[in-house]
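Only one structure is covered here, and it is reproduced in the block below.
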């Protein structure tokens with residue numbers, strides 16, 4: 001990634017915290033997530049019901065609205081993709 | 001379900017409707033026990049149509065919950081404080097209470113949005129497309145099943161408009177990371193987001209302590 005807008009670290013921290021809290025994963029485990037860490041389809045905890053919880057919790061914590069048509073396989077594919085999506089919504 | 005010493009002020013705990021009630025019941029019971037240890041009474045009323053029965057909830061509307069909760073409250077006596085969790089705030093209005101306390105209050109539109117979002121995710125998993133618009137249209141026309149509960153058009157429509165009633169004095173508590181207005185933030189994970197019902201003894205203690213302090217403040221004020 002190039003130069004990141006201010007607030008990027010907070011957004012990334014929020015995404016980690018949401019995954020930790022909604023999926024019941026330990027802090028150590030979410031801290032180990034890197035940009036290419038696969039999420040939907042790879043994490044057993046992240047089923048379709050959990051996806052709804054993750055999206056809603058992200059909305060509440062970042063003050064964003066996520067529309068139905070913005071939710072696709074790509075933005076949930078990896079931790080990096082989800083974080084980039086969240087950053088674009090929160091800071092863009 | 002009622003806990004605590006017979007003569008003490010009673011905290012009426014309002015659980016949210018639908019699935020979150022199951023997810024938060026153990027926490028609510030633990031909070032009630034901790035309140036008992038601090039010399040306070042606690043009660044967790046059962047609301048119509050929030051059990052397992054699909055038939056019950058088809059005939060239920062938020063006004064019914066409000067009435068049922070108010071009736072349960074009135075039967076407790078004057079010395080009561082209302083503590084609601086999440087969308088339990090939608091029917092926690094009670095003019096006779098000494099005060100109100102809310103954990104992460106949620107309005108009806110947001111509640112429906114979450115239920116619909118879960119439904120859309122499930123449909124997509126089955127390879128079927130759906131949108132908030134199409135599901136809302138269907139709900140208002142025919143009713144809709146969301147997370148195992150049948151919502152009539154009337155119930156759906158009521159919930160879309162429902163907001164927590166204005167109450168005073170009110171203390172609003174939220175969890176860290178939540179950016180909406182609050183009187184106090186607690187660092188804890190949102191139990192209502194977990195698929196499986198669970199408990200958090202530490203959080204229950206913190207909540208009970210906070211409620212007990214608020215009871216003291218309301219009684220003094």
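The values are calculated or read from the model by the stated rules, or taken from the named source; none is laboratory data. All figures in this text were calculated on a predicted structure; none of them were measured in a lab. Cβ coordinates were reconstructed from backbone atoms using ideal geometry, including for glycine residues, and neighbour counts include every protein chain displayed.
Here are a few things to note about the model shown:
- Each residue in the stretch B:198-212 was checked for being more than 9 Å from chain A (Cβ to nearest Cβ) and within 20 Å of residue A:19 (Cβ to Cβ), and 2 pass.
- Tabulated pairs, the stretch A:56-67, first at positive phi, second surrounded by fewer than 18 Cβ atoms within 10 Å (Cβ to Cβ), C-beta under 6 angstrom, 6+ apart or interchain: A:63/B:179
- Within this structure, residue B:145 passes the test of being part of a strand (DSSP E or B), at pLDDT below 95, more than 9 Å from every other protein chain (Cβ to nearest Cβ) and within 21 Å of residue A:51 (Cα to Cα).
- Among the residues making up the stretch B:164-180, those that are in contact with a helix residue (DSSP H, G or I) (Cβ under 7 Å, 6 or more places away or on another chain), touching a residue at least 60 places away in the same chain (Cβ under 8 Å) and part of a loop (DSSP other than H, G, I, E, B) are B:164, B:169, B:178.
- Residue count for the stretch A:14-35, restricted to those that are touching a helix residue (DSSP H, G or I) at 6+ places or on another chain (Cβ under 6 Å), more than 20 Å from residue B:187 (Cα to Cα) and either in contact (Cβ under 8 Å) with a residue 60 or more places away in the chain or surrounded by fewer than 17 Cβ atoms within 10 Å (Cβ to Cβ) (or both): 1
- When B:121, B:133, B:195 are checked against the criterion of being in contact with a helix residue (DSSP H, G or I) (Cβ under 9 Å, 6 or more places away or on another chain), more than 29 Å from residue B:8 (Cβ to Cβ), within 14 Å of chain A (Cβ to nearest Cβ) and surrounded by 17 or more Cβ atoms within 10 Å (Cβ to Cβ), B:121 stands alone in meeting it.
- Filter pass, residue A:10 being surrounded by fewer than 18 Cβ atoms within 10 Å (Cβ to Cβ), within 11 Å of chain B (Cβ to nearest Cβ), more than 26 Å from residue B:20 (Cα to Cα) and without any contact (Cβ under 8 Å) to a residue 40 or more places away in the chain: yes
- Condition met for residue B:160 (free of Cβ contacts under 8 Å to residues at least 40 places away in the same chain and either under 20 Å from the mean Cα position of the chain (by Cα) or within 14 Å of chain A (Cβ to nearest Cβ) (or both)): no
- Contact map, the stretch B:181-207: residues that are closer than 23 Å to residue B:38 by Cβ paired with residues that are at pLDDT 95 or above and part of a loop (DSSP other than H, G, I, E, B), Cβ distance under 9 Å, separation 6+ or inter-chain. Pairs shown: B:182/B:104.
- Failed item, numbered, when residue B:150 is tested on (1) more than 9 Å from chain A (Cβ to nearest Cβ); (2) assigned to a helix (DSSP H, G or I); (3) farther than 16 Å from residue B:84 by Cβ: (2)
Matching residues to (1) farther than 24 Å from residue A:75 by Cα; (2) in contact (Cβ under 8 Å) with a residue 40 or more places away in the chain; (3) not in a helix (DSSP H, G or I):
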| site | (1), (2), (3) |
| --- | --- |
| B:112 | no, yes, no |
| B:121 | no, no, no |
| B:137 | yes, no, no |
| B:140 | yes, no, no |
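- Residues of the stretch B:208-221 that are in contact (Cβ under 8 Å) with a residue 24 or more places away in the chain, part of a helix (DSSP H, G or I) and either more than 17 Å from residue B:86 (Cα to Cα) or outside the structural domain of residue B:103 (by TED's automatic domain parsing) (or both): B:209, B:212, B:214, B:215, B:217, B:218, B:219.
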